[in-house]
Structure formats: structure tokens, C-alpha cells
Ligand code: F6P
């Protein structure tokens, strides 16, 4: 007899349901007749934190027909912290016991991995599955959700080009990505941006002005793709500045509006900003992400079955494998400034803002 919990933590991401489906189906199929049960824990770790646990059995039919759906049927939360204090930890321990959980499969980003790692303290074993549209999880070259986000951002860049072209404007498109520039870089390249600004390369305003002016002289519009974590050389963007463009001071979004204010006084063309926000995190996963998420979910089930716990599934050199969760907890994978995509972008004339 074995009972396995499945939860999704952190921001929603295309492909979460594909993972839930693959883990559940693999475990049920493997455990047929052996008393294997799968429980879906609701709203991430929050489902284990209240006076009574919140969970639903995941049976075959419950996970059928969800492969292509965005979001997560289990719900998620990115503020729940089961490690907050001793009392919370004790509550989680009681809930885990009440549910009779042997292992929890935690699908989430670096925050969720840190929590999963920390729960070893109360003897709860986890298997991690990396999820993020930011593609910034250490030791994993690609997380599911990224391909979908790149596709959406690329489409947005293409659409914005209509207005850029018709009005001879400078159009700024701000992508998500937190402190990593993967999303801005790949969508910028795919969407033919003239300028790509990443958190990893502080931008020099003058270099961007020069590029826009040079294009203005040739009667051309300019498309700028900026990652939300980007900042000008020698100066952080203050929260106050960002809030002018974004309603939520704890979020990074809004740098696109700051850049617009910085650029406009120096240019003849009108400058406009579009912040993509949650649009790039929602919707159906691409076929690539459906396959990757299914591979991840399947592998997580294999780890559970083999008793290889406290590990996170990874993709390295195109192969599915796993690493100790401890190695990825609280770390982020950023774009190295000498990454071949950056060198290539420069070589084809894209301005990286430096
Ligand atoms: O990590 C995914 C992500 O979408 C980031 O790109 C972004 O900075 C953050 O989550 C936004 O989080 P929230 O859902 O809390 O606004």
C-alpha cells in the first residue's frame, strides 16, 4: 500500500495539468492491484497547512481530458510557507499523517523546491518537478511552460509590429522572466526585435537612443523587447518608478513604462509600451510543452516507484534525469552574457543595449 500526494506550487504555468496527468496515470498503471493511491493536494502547500488538510483523490478519469489545458486543476498558491514556524510545521506533519502520505510530488519553481527540501525536517519525502515560464531553474536546461510563453510573446511582438510600422513608432514589449532573461531573449530573437534588453546585461540608454535614431533616419520603426528584470547601467529602477507602470509594488513588471519615459524625450517618434503580463503565462501548452511535461511527470512517477526521493526531475543535454533537490533549492539559472544566442543576436545586428 502506498499513498502519493501531488501538488502544484508557485505561479500557474502551461503544462501543469499534463504533469499531473502523467504522474497519476503512471502511478495508477504501475500500482494496479497493489493498493497505490494518488491524492491531489489543493492550492499547493496551503492544502497541507490548515486545521484539516484539503485533498481529493486523483483517479484515472479525473485526469483524463486535461492534457491540453492551461493552469492547474489542483489550484496553486505562491505565498504558502509550510516552514514559516514550528506550529505550522507541526500542523503540516499532522495533516500529512492524517492523509497517510508516503511521498509528495511537488511541481513548482525554485521556491517550491526549497520548501520541498525543507520538509525533510518533518520526515516528508518529496520528488520535485521543475516548472516555470522563466526557464531559470538550476541544472535543468528547459522547463515546461517556457516554449508556450515564448510562442505567446513572439506572437505579441509580431502583432505590435503592425502599429509600429503604420505609425513609425518605437514599440516596447515587456516580457516576464523575473531575474532571468531567457524569455525576453528567445522571444526577442523569434519576434525579430531590433533591441533586446535582459536583466543580465545592464542597458546603456544612449546605446538604445542611438539605435532608434539611426532607424528613424531610415524611416523605420523600432521594436524593443525588454525582460521585466532589466535595469539601466549604474542605476536600479526604484519601486516607485515601476509602480507608475505596474499596480503591484512587489512584482517586477513595469520597467517597459520606465524605459518609455527615459526614451521619449530623445526621440522624434512616439514611444509606446505593452506589458504582456499574465497573457504569456496562460492558455494551452504547445505540443513541445505537452511532451516535455508528460516526460517530467512520467519520470517523477518512476522516481517514486524506485524509492529515489528528495530528487528533482531535470532535462540535461536533451535527456531526462534527476538531481538532489538540495542542489537546486534557492538557486537560479541566468543567461550567461557570453551565451551563444547573445553572440548570435549581436552578429545579426540586434542591439543588446550595451
Ligand atoms: O515565475 C513566473 C512569473 O510569471 C515571473 O515571470 C513573474 O515575475 C512572476 O511569476 C509573477 O508572479 P505573480 O503571479 O505572483 O504575480
Residue ID - nearest to the ligand (Cβ to nearest atom), chosen from residues in the range 151-179 that are assigned to a loop (DSSP other than H, G, I, E, B), farther than 19 Å from residue 282 by Cα and at pLDDT 95 or above
169
Among the residues in the range 283-293, are any closer than 30 Å to residue 102 by Cα, assigned to a helix (DSSP H, G or I) and out of contact with any helix residue (DSSP H, G or I) (no Cβ under 7 Å at 6 or more places or on another chain)?
yes
Neighbours by Cβ (under 6 Å, 6+ apart or cross-chain): first from the range 170-181, more than 21 Å from residue 219 (Cβ to Cβ); second in a strand (DSSP E or B) and within 14 Å of the ligand (Cβ to nearest atom)
174/226; 174/275; 175/227; 177/227; 181/227
Residue 92 - would you say it is touching a residue at least 60 places away in the same chain (Cβ under 8 Å) and in contact with a helix residue (DSSP H, G or I) (Cβ under 6 Å, 6 or more places away or on another chain)?
no
Among the residues of the range 304-347 satisfying the criterion of being within 14 Å of residue 114 (Cα to Cα) and out of contact with any helix residue (DSSP H, G or I) (no Cβ under 9 Å at 6 or more places or on another chain), which is surrounded by the fewest Cβ atoms within 10 Å (Cβ to Cβ)?
327
Selection from the range 119-141 of residues that are touching a residue at least 60 places away in the same chain (Cβ under 8 Å) and either outside any loop (DSSP other than H, G, I, E, B) or away from the ligand (no atom under 15 Å from the Cβ) (or both):
120, 125, 126, 127, 128, 129, 130, 131, 139, 141
Which strands (runs of 3 or more DSSP E) sit wholly inside the range 1-62 and have at least 2 residues that are within 16 Å of the ligand (Cβ to nearest atom) and either modelled with pLDDT under 95 or surrounded by fewer than 24 Cβ atoms within 10 Å (Cβ to Cβ) (or both)?
none
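The values are calculated or read from the model by the stated rules, or taken from the named source; none is laboratory data. It should be emphasised that the depicted structure is a prediction, and the values quoted were computed from it without experimental measurement. Quick reminder, even Gly has a Cβ in these numbers, built from the backbone with ideal geometry, and neighbours come from all protein chains shown.
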